[in-house]
1. Report the antiparallel proportion of the DSSP beta bridges in the chain as a percent, rounded to a multiple of 5.
2. Run the helix sum for the chain: -39,500 (n - 2.57) per DSSP H stretch of 4+ residues, divided by residue count, reported at 222 nm to the nearest 500 deg cm²/dmol.
3. Taking a probe of 1.4 angstrom, what is the accessible area of V193 in Å², to the nearest 10?
4. Please compute the length gained on full extension between T188 and D203, using 0.36 nm multiplied by the number of residues separating them and subtracting their Cα-Cα distance.
5. Take the alpha carbon atoms of region 125-166, find their center, do the same for region 65-84, and report the distance between the two centers in whole angstrom.
6. Pick from L211, L137, L76: which residue has the top mean-square fluctuation in a GNM of the chain where Cα pairs under 10 Å get a spring?
7. Mind checking the full-extension length gain between T139 and D104? Use 0.36 nm per residue of separation minus the Cα-Cα distance, one decimal, nm.
8. Which ³J(HN,Hα) values in Hz, rounded to whole numbers, follow from the phi angles of region 27-36 under the Karplus curve 6.51 cos²θ - 1.76 cosθ + 1.60, where θ = phi - 60° and Gly and Pro get x?
Amino acid sequence: MAILLVEDDDVIAEFVARGLGEAGFAVDRARDGEEGLDLALQNPYDAAVVDIMLPRLDGLGLIDRLRRRGRSTPVLILSARRTVDDRVRGLQAGGDDYLVKPFDFSELLARVQALVRRATGVAEPTRLELGPLTLDLLTREVKREGVLLDLRPREYALLEYLMRNGGRVVSRTAILSHVWGYNFDPHTNAVDVLVSRLREKLDRDFEVKLLRTVRGAGYVLKAP
């Protein structure tokens, strides 16, 4: 599925584009509103992620012109503006959803997936499974061999990310950007600490270990 990202901040754009790419989306990025409008009119995107404060043409102007041309591409608005009036203006301009900066990537991804589901009628799985491990995306319950695991929000976010990439090695940098967002320190040891906490809950009471370290590369969650 194809996503249009209209964002002039290179750090945020790189973070969002990388995350969406890892989730299976093809991403085109525009750096200003005029370029974004041109791309949106030329290509049948499944959804668009549009910042409000853009050079040449702001996000609300882009959405308004897109709707006037009869295009119904679902649009998620990104904005540092957080008042109710700001959200109302964004939705009245033709936006389908509104996300305030700074944001967690997991929330952005969930909102994009919801927009695509509504537009296409394609159901998104509500449950992830990897061997003896299950994760319910609706109730947020995680079980291993029927045993309920009590996870904190970031432990849950990490496990969901690893399960969606089951059997594939994910780097520390990828985990940082996915769990902490784009304002992270690449030299922090936060990933190692979080992985250690998750491993303690996930593998401690079971003979077979699922979460493994790949030296020099990152981590992998692999079923026996």
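1. So the antiparallel bridges in the chain amount to around 45 percent.
2. Numbers: 8 runs with 92 residues, N = 224.
Only helices count here, giving -12500 deg cm²/dmol.
3. 70
4. Working: separation 15, 0.36 × 15 = 5.40 nm, distance 2.43 nm.
Fully extending the segment from T188 to D203 adds 3.0 nm.
5. 33
6. Top of the fluctuation ranking is L137.
7. 10.7 nm
8. 10, 9, 10, 10, 9, 8, x, 5, 5, x
The values are calculated or read from the model by the stated rules, or taken from the named source; none is laboratory data. Treat the numbers as computed from the prediction; the structure is a model and nothing was measured. No Cβ is skipped: glycine too gets one built from the backbone with ideal geometry, and neighbour counts run over all protein chains shown. Only protein heavy atoms, including side chains, enter the accessible area calculation; ligands, DNA and RNA are left aside. Shrake-Rupley method; radii C 1.70, N 1.55, O 1.52, S 1.80 Å.
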